[in-house]
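Each remark here refers to the structure printed beneath this line.
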Amino acid sequence: MESTDDFWGFLDRMPVLLQQYSTHSYVLLTLLGAAGAILLGWHIFKKKSSGEGLSTLMFAAGGMLLFLSISGAILKFSVEVGEQRQGAAAIARFLEDHRVNDDEHWVIVVDFTGSIANTGDEAHTINQDKMKLFVAGIKEVLLDDIPEAFSQPRVKLIPTQDSPWNKGVDDNNFDEVIDQLNGDELMWGIVQKESMSGKAFLALSAQLGNTAGQDLGRQAPLHDLDFNSDLRRDFQFNRGGYSRLIGMVMLGMSLETVQRAQQAQGEDRRKEFLKASKQLTAMRKKVSGSRDDPILKRTVFGSQVDDLITLSEQEAEGRL
Amino acid sequence: MKHTLIRLFILLSALIAPPAWTGMQIEMADPLYFEEQHEVIFPWADAKLITFEFEAVEGIEGGKQRAKELHDTFLRKIQGLPGGAILTFLTPEGQRIENYRITAKQAAQQQKAQMSLWGRMFPDPSGDSLINVRLGLVEPPNGIQTAYESRIEVARGEQPIRGHIKDEISQTRIDFLTVKESNIAALADFLSGLAFYYKGAKDNNNRSKQLLRTAIQRLGDYIEKTSDQVDYSAASAAHVYIARAAYRLSEIEREKRRTHLLNAEKHGNIAIELNPYESDPYTVLAIIRTALSHSTKEINLLLKKAVSLDPGSLTASYNLALVNSGTGQLQDAIQRLEQVEYLQQQDQRSTYKDLDKLQHKLRTINKDRQSQ
């Protein structure tokens, strides 16, 4: 009667044991499983050679170790697969919610406040408000000051929480972010927690950059960011920050028009190239005051853009 | 009732304070103000500027104050300018202009104004606040032009090609990047200089002479006052208007023609140096140099540059076609006129009604030359 109770008691503890084993690493599970297998093997060997195996306790211990290791590994694996599937579904939902359409020119701004305060903190909420104001300031610049030769670009703020890039965006993954969100240009920032300051960057998609050849600088540091001050100042009122922002966005939009023109045929082709040449010249006119800026020199005023202007003019005049 | 009040205000202003007669500050209490039709204020004005309070961060009223200052300074500077006027739109305390859902251009069109000005202010409690100012030329002033004639030799004798190289003002927006609030007076110099140019460029008489001189003086003051922090684009625009004004003076004061033309050329050159990406200065310089009898080749290069910087401009292409024919590049001239025709179709307007005639003439001459 007592042994039956022990048996049921042991079965009751089995799920807890399995749960416990599934938390071990695969290496530990392999070692424990190997120990169980050795005990069972030794028992069989002894039984065959001398007719007497290991004690019941040792035999049971070997069997249990092997069983729990294998079951624990299976359980661990299935939990991991489940988590991976859940993560993939969450990412798919995130991308579905934030992916932009093809019809317009999109400048995506990735929220960079995550690195300077923990979610839920009061500081985080304050920084997020600043981030929203910053994006509103960028929208103001782009909507008010883009020349008439361009249609108005769209600007979207994307959170990093629940995104595939929850550790942030940098030089190594910005192309992946642009690609997955279907954007044309991406802005991100790197901010130091201690000083609350850093730098903003903007990059054109690889697809747009290739229009002007491999050598076109398609990534540009924009301006210093200081979360202790009004972030809008540097992009609205500082000539350098303003010109780089508006210049790079106009460059992206012009390249998009060139690309569309290259794919068009007949009368539409000439029309699109005329539009492209108007945009490229309007772009340079707009930021001509910052033509000595090192970043704009190798992008907006770069030789690759010279070539595109010549090509667009020739096509627009029906000379090609 | 509102309209009656405005009429009464104009009448009272004229009677009580004559200097303020050409200016009015309008406070709009209704956010739908611009969606309603309003009477044109100062309908006789043909150098009218409308301005808006500068946008500022919520709770900061400095944008209204700076706009009022600009209004008063501009008003003082256009004393004696017939047809000059200013309207400034302000919102009541606690409200912001951005809620009024109107573009400066639309408002200027409603009020039949030639210029509209708006901007954004960044208040700096520790010192000079910063203002980004935008000036739109809703109805640009007259540019300059010169007669151009070339003679092409063919078997049946010389064939004259006549026309005008025209400067149609294409720079319809001038951005003043980050003006310090202490520089409002310099901004008023630029604006009043432009207003004087608007009027001076209407005729070629003695009255115009005085107006153009004042325009040159005011634009020169702007350049001088901003010399420590040059805004290339706006400074270039100031120089190009001085060049235009000087060119016009050369047409009125024939005895000082060469002096004025050389002065115009100097400012045209500086305008290009300051902003080599704007097409207008190249056309202006081409016209000035044509008047100074520079070589056709030299004029051709300037006009070519103007076309490449403004590929959608009918006038720039037409000017180049005209001069191309003078350099004997008939095939180029014919192709250029085809481009003018194409641009006219795209814009759905027929600026050059005699285009067919010129095209036909050049084609015939070209055929004759090829058959020689």
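The values are calculated or read from the model by the stated rules, or taken from the named source; none is laboratory data. None of the values given here were measured: they were computed from a predicted structure. A quick note on method: Cβ atoms are made from the backbone with ideal geometry, for glycine too, and the neighbour counts reach across all protein chains shown.
Name the one entry in B:Thr226, B:Thr214 that is within 14 Å of chain A (Cβ to nearest Cβ) and more than 20 Å from B:Lys166 (Cβ to Cβ). Unique residue meeting the criteria: B:Thr226.
Specify the residue that is nearest to B:Gly312 (Cα to Cα); the eligible residues are those in segment A:291-320 that are at the interface with chain B (Cβ under 9 Å from one of its Cβ atoms), without any contact (Cβ under 8 Å) to a residue 12 or more places away in the chain and not in a helix (DSSP H, G or I). Only one residue tops the list, namely A:Glu317. Does segment B:262-269 contain at least one residue that is within 24 Å of the chain's Cα centre (by Cα), more than 12 Å from every other protein chain (Cβ to nearest Cβ) and either loosely packed, with under 15 Cβ neighbours inside 10 Å or among the aromatic types (Phe, Trp, Tyr) (or both)? Yes, some residue in segment B:262-269 is within 24 Å of the chain's Cα centre (by Cα), more than 12 Å from every other protein chain (Cβ to nearest Cβ) and either loosely packed, with under 15 Cβ neighbours inside 10 Å or among the aromatic types (Phe, Trp, Tyr) (or both).
Of B:Ile152, B:Ile174, which residue is more than 19 Å from B:Tyr247 (Cβ to Cβ), modelled with pLDDT under 95 and within 13 Å of chain A (Cβ to nearest Cβ)?
Values: B:Ile152 fails: within 13 Å of chain A (Cβ to nearest Cβ).
On inspection, the qualifying residue turns out to be B:Ile174.
Among the residues of segment A:136-163, those that are surrounded by fewer than 18 Cβ atoms within 10 Å (Cβ to Cβ) and away from every other protein chain (no Cβ under 13 Å) comprise A:Ser151, A:Lys156, A:Pro159, A:Gln161, A:Asp162. Does A:Val100 satisfy the condition of being touching a residue at least 40 places away in the same chain (Cβ under 8 Å), in a helix (DSSP H, G or I) and either touching a strand residue (DSSP E or B) at 6+ places or on another chain (Cβ under 6 Å) or of a type in the set (Val, Ile, Thr) (or both)? Taking the combined requirement at face value, the residue does not satisfy it.
Per the conditions (1) away from chain A (no Cβ under 11 Å); (2) more than 20 Å from the chain's Cα centre (by Cα), the sole criterion not satisfied by B:Gln335 is (1). Taking the stated definitions as given, is A:Leu251 within 13 Å of another protein chain (Cβ to nearest Cβ) and among the hydrophobic types (A, V, I, L, M, F, W, C)? In short, no.
Based on what the data block shows, is B:Arg258 surrounded by fewer than 18 Cβ atoms within 10 Å (Cβ to Cβ) and either touching an Asp or Glu at 6+ places or on another chain (Cβ under 7 Å) or over 24 Å from B:Thr172 (Cα atoms) (or both)? Quick ask: steps written out before the conclusion?
Values: surrounded by fewer than 18 Cβ atoms within 10 Å (Cβ to Cβ): yes; either touching an Asp or Glu at 6+ places or on another chain (Cβ under 7 Å) or over 24 Å from B:Thr172 (Cα atoms) (or both): yes.
In short, yes.
The strands (runs of 3 or more DSSP E) falling completely within segment B:107-170 that include 1 or more residues that are crowded, with 19+ Cβ neighbours inside 10 Å and aromatic (Phe, Trp, Tyr) map to B:115-122, B:145-154. Scanning segment A:42-83 for residues being assigned to a helix (DSSP H, G or I) and surrounded by 12 or more Cβ atoms within 10 Å (Cβ to Cβ) gives a total of 27. None of A:Gly41, A:Gly63, A:Gly72 is free of Cβ contacts under 8 Å to residues at least 60 places away in the same chain and in contact with a Ser or Thr (Cβ under 6 Å, 6 or more places away or on another chain) except A:Gly72.
In segment A:262-285, the residues that are among the β-branched types (Val, Ile, Thr) reach residues that are part of a helix (DSSP H, G or I) with C-beta atoms within less than 8 angstrom, at least six apart or across chains, in these pairs: A:Thr281/A:Ile309; A:Thr281/B:Ser308; A:Thr281/B:Leu309.
Within segment B:340-364, residues that are assigned to a loop (DSSP other than H, G, I, E, B) reach partners that are not hydroxyl-bearing (Ser, Thr, Tyr) with beta carbons closer than 6 Å, at six or more positions or on different chains, in the pairs B:Ser350/B:Gln344; B:Thr351/B:Leu314. If the condition is being in contact (Cβ under 8 Å) with a residue 40 or more places away in the chain, within 12 Å of chain B (Cβ to nearest Cβ) and not in a helix (DSSP H, G or I), then segment A:223-245 contributes A:Asp230, A:Leu231.
Scanning segment A:263-273 for residues that are surrounded by fewer than 24 Cβ atoms within 10 Å (Cβ to Cβ), in a helix (DSSP H, G or I) and out of contact with any Lys or Arg (no Cβ under 8 Å at 6 or more places or on another chain) yields A:Gln263, A:Gly266, A:Glu267, A:Asp268, A:Arg269, A:Arg270, A:Lys271.
There is no residue in segment A:270-290 that is closer than 17 Å to A:Val249 by Cβ, more than 9 Å from chain B (Cβ to nearest Cβ), modelled with pLDDT under 95 and out of contact with any Cys (no Cβ under 7 Å at 6 or more places or on another chain). Taking first residues from segment B:203-232 that are free of Cβ contacts under 8 Å to residues at least 40 places away in the same chain and partners that are of a type in the set (A, V, I, L, M, F, W, C) and loosely packed, with under 14 Cβ neighbours inside 10 Å, the Cβ contacts under 9 Å between residues at least 6 apart in sequence or on separate chains come to B:Ile223/B:Val230.
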